[in-house]
1. Filter segment 68-78 for residues that are without any contact (Cβ under 8 Å) to a residue 24 or more places away in the chain and either in contact with a Ser or Thr (Cβ under 8 Å, 6 or more places away or on another chain) or closer than 9 Å to residue 16 by Cα (or both) and give the result.
2. Please specify each residue of segment 33-67 satisfying the condition of being in contact with a strand residue (DSSP E or B) (Cβ under 7 Å, 6 or more places away or on another chain), over 21 Å from residue 17 (Cβ atoms) and of a type in the set (A, V, I, L, M).
3. Looking at segment 82-108 only, could you name the residues that are farther than 22 Å from residue 33 by Cβ and under 11 Å from the mean Cα position of the chain (by Cα)?
4. May I ask you to verify whether residue 66 is out of contact with any Lys or Arg (no Cβ under 9 Å at 6 or more places or on another chain) and under 15 Å from residue 96 (Cβ atoms)?
5. Given the structure, is residue 37 of a type in the set (A, V, I, L, M, F, W, C) and modelled with pLDDT of 95 or more?
6. Just for segment 62-118: of the residues that are of a type in the set (D, E, K, R) and part of a strand (DSSP E or B), which one is surrounded by the fewest Cβ atoms within 10 Å (Cβ to Cβ)?
Amino acid sequence: MSLSRDSLQRFLDVHNAAVETGDFAAIVRMFAPDGELRYVGIDFGPFAGHEAIARSFRERPPLHKLVLSSVTADGDKATAVYATADQPEQRAGTLVVTTGGNLTQRLTISVINRSTDG
């Protein structure tokens, strides 16, 4: 799958719905069975495989809906700058997504920790 702003927006749409409902199963299904979830800027993970990724969402569910501000994509890899929906003008971090087929092979979430974060 070639990544684009639209494909990253679909991922964020699933993420944002999960934040609302507390059900993160749809996000886990977007990952390949051997997919990886990594964080930079917080001490959590990495997680590999559906069960570990699902456990990460149970242990520390995301609290904020996200919005994209810019996306660069090249084939099966894309990097996006994101913000939280409640502060869309303030950069919160970056997402780096690599796909394999139609599934996410690796998602790396870099988080900018601001002094106002709780």
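1. Matches in segment 68-78: 72 only.
2. 40, 42, 48
3. Once the filter is applied, which keeps residues that are farther than 22 Å from residue 33 by Cβ and under 11 Å from the mean Cα position of the chain (by Cα), segment 82-108 yields 82, 93, 94.
4. yes
5. Details: of a type in the set (A, V, I, L, M, F, W, C): yes; modelled with pLDDT of 95 or more: yes.
Yes; evaluated as a whole, the condition is true for this residue.
6. Out of the qualifying residues, it is 89.
For every residue, the table says whether it meets (1) touching a helix residue (DSSP H, G or I) at 6+ places or on another chain (Cβ under 9 Å); (2) modelled with pLDDT of 95 or more; (3) closer than 15 Å to residue 112 by Cα.
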position	(1), (2), (3)
5	no, no, no
11	yes, no, no
25	yes, yes, no
74	no, no, no
80	yes, no, yes
99	yes, no, no
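The values are calculated or read from the model by the stated rules, or taken from the named source; none is laboratory data. None of these values were measured; they are calculated from a predicted model. All Cβ positions, even for glycine, are placed from backbone atoms using ideal geometry, and neighbour counts span all protein chains on display.
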